[in-house]
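Below you'll find the structure, written out as structure tokens, and then a few comments.
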Amino acid sequence: MARLELRRLRKRYSGSTDVLHDIDLSIDDGEMIVVVGPSGCGKSTLLRMVAGLEAISSGELVIDGECVNDQEPAERDIAMVFQNYALYPHMSVFDNLAYSLKNRGTPKAEIAQRVEATAQLLDIGALLERKPRQLSGGQRQRVAMGRAVIRKPRVFLFDEPLSNLDASLRVQMRQEIRALQQRLNITSLYVTHDQTEAMTMADRLVVMNAGRVEQVGTPMALFRKPATRFVAGFIGSPAMNFLTFSVNTLPDWLPRVPAETNEPLKGELSVGIRPEHIALTTLEDGHIEGCIELVEPLGSESLVHVRIGGHDARLVVRHGGMELPEVGQVTGLNFQGPFHLFDRHGQRLSTRLRLADTNCSMES
Amino acid sequence: MAPQLLIVLVFFFWPAITALRQSLYVQDAFGLGETFAGLANFTRVLASQSYHEALFNTAIFSVSVALGAMGIALLLATMADRVLRASRVYRTLLIWPYAVAPAAAGVLWMFMFDPTLGVLSRALAALGVHWDFRLNGHQAMALVIIAAIWQQMSYNFVFFLAGLQGIPASLLEAAAIDGAGPWRRFWTITFPLISPTSFFLLVMNTIYAFFDTFGTIDTTTSGGPGGATRTLVYKLYQDGIVGLDLGGSAAQSVLLMLMVGLLTLVQFRYVERRVQYH
């Protein structure tokens, strides 16, 4: 139970440029923050800095009002679940769970009682005598969780804990982790590269790219109003489609005149459209036409990849119909909005745009 | 027949069987005849005072060398493991002693500890220690132990370093987060996880101390003074090659082989139980 504050955190390795630039983040008591980004964006480094495994180059890390920059990992009273679980291979599950308590000189009777309680919580009571190598992936994951839970830390850290599990187990474990975190109400920082995992688990999401925070917000806020083109492309599956236009040649189906704008738009503009906001239609009704290159049936819907000639772009369309369109067929595409507009630097345009031919408006 | 089998037969079984046969005979001084003597060679060897002394010397020597060489190597490997990036240079430097021939290593240490010429003897004299390994049996023993440790250390270092580098960093990080200090991390995580390496090295170092230290002892002290550094393998050589007691020497070699075999068996039986294979 703690408030965690990151103030202008920066990481620099000697002789190289910064890998993290002025990260500011404030995490409320019991909140689950998920940091998501492509590999190499610095999210794991950030987590390791919070854990105390990496030194902080500059800035402050504050837990409950106290700056912990110079504290050892053990002093910070945090627990971490590692990607490879990092279970001690030579110890039984019992000893793995008890290790942190033993290190802190907890009386034997209390250790036994707390291991028992934790094992019950995570449903691993029958495994206490086993060694980690005798456990399945999901069981190891639970033991790793148990090791984090047992000493009631102030902060939980998760470093891509589900990436070694198969798909179905991953879905199950992410629900369990989320449920457990909410039940114990422990402030958590969770790092992942999987946007579905991030969306489903987070109270608030932090999207990182190249050592910077792109945007912080609830999953739905980020989905509905991505602040940058990067966030727009990263959040949501399948990813948002982008079409690039010169400001002078904006298509008919986009509003030509921004309603409230401080300065005139220049150069190129990216228009982002989610796959669910494009419909396949006849050539006459379409805003644009393209050739169907690939159809991926998913059962309840299909993903249709359409090559757009003039733009040299491939759009993905979420197609709900039961009959599948044919590959090679030329089709019309109807854009339904909302549209996401980004300037040439990838920043969301802070203008109110309105479609000329519909009443569908979009706030930004 | 497989060539390796042939090599084992020629270089191992044949000499071993010859030694076994020889240990049951008494040879005349000129090597022209021999008489079957049963177990007389063995009883004579086992009853002799000098054999007991050599046995005692070997025990002191082997335990000191094995523990010393492994302990120091582990310490160095732990330090090298911390400075991972520099470890390649460090590792190469620390492997060098192993490339030095035992006899050369012996001479090297003999010079450094030479009572009249040696730099280290001079340093010891400055500290008020009267150093003369040619007269003082304990000092002679210390010298051969140091030389042998120095030689074997690099071998151990390579294995320990490989073992240490095989431990995932996340395990030690998890232990640090779990509140274990560096010392406790070492004894509860690192040490158990390199126990297979340690066990292997224990066996190898024992064999080294029993057999391969001959050259080191021969060049530094020649078993002296007064047999203070005469280990079993050195006595075997002296009795057989210098004293020409071939039967007695063969009996000693058979005994030595049995002893090392037994020791290895004991190690596998009792020490290996505590090894954490994972």
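Along segment A:199-212 the Karplus relation, 6.51 cos²θ - 1.76 cosθ + 1.60 evaluated at θ = phi - 60°, assigns HN-Hα couplings of 4, 6, 9, 7, 6, 9, 9, 10, 9, 10, 8, 6, x, 10 Hz to successive residues, with x for each Gly and Pro. From helices alone, the protein assembly as shown scores -12500 deg cm²/dmol at 222 nm; the rule is -39500 (n - 2.57) for each run of n ≥ 4 DSSP H residues, then divide by the residue total. Each residue in B:Met79, B:Met70 was given a count of other beta-carbon atoms within 10 angstrom of its own, and listing them fewest first yields B:Met79, B:Met70.
Would you work out if chain A is rounded, prolate or oblate? Take a ≥ b ≥ c from the square roots of the eigenvalues of the alpha-carbon gyration tensor; rounded if a/c is under 1.5, else prolate when a/b is larger than b/c, oblate otherwise.
Judged from the Cα gyration tensor, chain A comes out prolate (a/c at least 1.5, a/b above b/c).
For chain A, the longest principal axis of the C-alpha atoms and the axis of helix A:108-122 are separated by about 30°. Among the listed pairs A:Lys43/A:Lys108; A:Lys102/A:Lys131; A:Lys11/A:Lys131; A:Lys225/A:Lys266; A:Lys43/A:Lys131; A:Lys152/A:Lys225, those whose Cα-Cα separation exceeds 29 Å are A:Lys43/A:Lys108; A:Lys11/A:Lys131; A:Lys43/A:Lys131; A:Lys152/A:Lys225. Placing unit charges on the Cβ atoms only, positive for Lys and Arg and negative for Asp and Glu, gives chain B a dipole magnitude near 700 debye about its Cα centre.
Backbone amide hydrogens, once placed in the peptide plane, bring A:Arg274 within less than 5 Å of A:Asn241, excluding anything fewer than 5 places away on its chain.
Peptide B:175-188 has a mean shielding of 6, counted as Cβ atoms of other protein chains within 10 Å of each residue's Cβ.
Neighbouring Cβ atoms within 10 Å as the yardstick, rank B:Trp109, B:Trp183, B:Trp14 fewest first.
Fewest-to-most ranking of B:Trp109, B:Trp183, B:Trp14: B:Trp183, B:Trp14, B:Trp109.
About its Cα centre, the dipole of the protein assembly as shown is roughly 1380 debye, where the only charges are +1 on Lys and Arg Cβ and -1 on Asp and Glu Cβ. Residues whose amide H lies under 5 Å from that of A:Ile288, counting only those 5 or more places away or on a different chain, are A:Leu333; hydrogens are built 1.01 Å from N in the peptide plane. Amide H contacts under 5 Å for A:Met208: A:Val36, A:Gly37, A:Glu214, restricted to partners 5 or more places along the chain or on a different chain, H placed in the peptide plane at 1.01 Å from N. The residue among A:Gly52, A:Phe245, A:Gln329 whose Cα reaches farthest toward the positive pole of the charge dipole of chain A, with charges on the beta-carbon of Lys, Arg, Asp and Glu, is A:Gly52. Other protein chain C-beta atoms within 10 Å of residue C-beta, averaged over A:72-80: 4. Neighbour counts of C-beta atoms inside 10 Å place A:Ser136, A:Ser26, A:Ser188 in the sequence A:Ser136, A:Ser26, A:Ser188, starting with the fewest. Its residues counted as N, the protein assembly as shown yields a C-alpha radius of gyration over 2.2 N^0.38 Å of 1.44. Per residue, the average separation of C-alpha pairs within less than 8 Å and at least 6 apart gives chain A a relative contact order of 16 percent.
Peptide packing for B:141-154, A:43-56, A:157-170, A:104-117 was compared via the average number of neighbouring C-beta atoms within 10 Å per residue; ordered from the highest value, the list is B:141-154, A:43-56, A:157-170, A:104-117. Report, to the nearest 10°, how far helix B:137-165 tilts away from the longest principal axis of the Cα atoms in chain B, using its own Cα long axis and a range of 0 to 90°. It is inclined by approximately 50 degrees.
For segment A:56-197, the square roots of the Cα gyration tensor eigenvalues, ordered a ≥ b ≥ c, give a/c of at least 1.5 with a/b no greater than b/c, which places it in the oblate category. Secondary structure note: in the protein assembly as shown, about 75% of the DSSP beta bridges are antiparallel.
Given +1 at the Cβ of Lys and Arg, -1 at the Cβ of Asp and Glu and no other charges, the dipole of segment B:32-169 around its Cα centre is 480 debye to the nearest 20. Using θ = phi - 60° in the Karplus curve 6.51 cos²θ - 1.76 cosθ + 1.60, the 3J(HN,Hα) couplings for segment B:120-127 round to 6, 5, 5, 4, 5, 4, 4, 7 Hz; x is entered for Gly and Pro. Gap in Å between the Cα centre of segment A:109-140 and the Cα centre of segment B:221-278? One Cα centre to the other: 49 Å.
Throughout, read-outs are computed from the coordinates displayed, never taken from laboratory work. Treat the numbers as computed from the prediction; the structure is a model and nothing was measured. Backbone-built Cβ (ideal geometry, glycine too); neighbour counts: all protein chains shown.
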